[in-house]
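Here the structure is laid out as structure tokens; the discussion comes afterwards.
The values are calculated or read from the model by the stated rules, or taken from the named source; none is laboratory data. Just so you know, these numbers come straight off a predicted model, no measurement behind them. Because the Cβ atoms are built from the backbone with ideal geometry, glycine has one as well, and the counts that use them run over all protein chains shown.
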Amino acid sequence: MAEADPKPLSGSAAAAVLLMLFDEDEAAQILSRLEPEEVRQLGYAMYDVADVEVDEVNAALDRFVGKAKGRTTIGYGASQHIRGAMTKALGPERADNMLSRITPPTRSTKLSMLKWMEPVEIAGIIELEHPQIMAIVLAHLDAAAAASVLQLLPPEMQDDVVYRVATLGPVSAEALDDLEQLINSRSGQRAIAGGVTKRGGTSEAAAIMNNIRKDHELRIMKALNKRDKVVSASIEEEMFIFENLLELSDKDLGTVMRSIDSSVLVVALKGASDMLRTKILGCMSQRAAQSIADEMEERGPMRLAEVLEAQKQVIAEARRMGEEGTIMLGGKGDDYV
């Protein structure tokens, strides 16, 4: 009986096989370009494929070559290529002036070592620092990691830190240098060069709040509302956006939709994703859903401002029902008994 063809390796397993074919220096160069989670996944996969068969190695190589044929080198090292071309064409000074106007903003590479650290380690480094220092650090983390660190900080300081994230302005290179030295001295990490950064804002604060436990969220938002109603309202508004309606149960979503005027819903759905639009219409009777769909088609293109305003009305109604307990607006870490 003929042997079956070897099962194709998964993406991470195939990548691990390729990485194992390089020498240590070459593999190190590749790993240095990856994100922490990618390095972890690849590391696990490298152990898993230690005894891989020859046929599987060949299959991984074939897969790599096939993908490589469909790509070009455009995008790899693009910044250096653009700067080099501009400098040769315009000269150093004129090139710098031009690049300062056209280069898209990027996240500062300063403090980039934070993404390699565990939340408990970060919290331990900053727990005795000024809340402004805490806010800058949290603003340089992704929302989930920032939420984990926030919950490890002293509870009486958490609302102050969220407020500072929400109102954080541009941070000077000098301030980032000082903070980087602090983190390096306490973590033993190697310093990384970088420049001026702009982080923070109500969007970042809202993203952090969306990733913490519901009981922590309620306590912090209550304190923020007492401190600054405008900032609190801005954060709350960005914590629950129109697409979050996807997280509601069909029953709760139907309850919200029944309280929304059809003329508002027609406009709001114009800016909804296909998935959300399908879910919302599926919560209605067939006749009502068809009526909404027909009216949307008849209305044609609509101004974005008009769509966003209609969506805000739907969100406000959902939030009101959630606060009253009519529907359940889920959150991270909700507890049920």
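Those helices (runs of 4 or more DSSP H) of the range 253-337 in which at least 2 residues are under 22 Å from residue 218 (Cα atoms) and in contact (Cβ under 8 Å) with a residue 60 or more places away in the chain, considering only elements entirely within it, cover 304-324. Looking at the range 94-151 only, could you name the residues that are closer than 20 Å to residue 180 by Cα and modelled with pLDDT under 70? Result: 106, 107, 108, 109, 110. Looking only at residues in the range 228-250 that are loosely packed, with under 13 Cβ neighbours inside 10 Å and touching a residue at least 12 places away in the same chain (Cβ under 8 Å), the one that is farthest from residue 160 (Cα to Cα) is 250. Filtering 272, 268 for residues that are modelled with pLDDT of 85 or more, among the hydrophobic types (A, V, I, L, M, F, W, C) and touching a helix residue (DSSP H, G or I) at 6+ places or on another chain (Cβ under 7 Å) leaves a single hit, 268.
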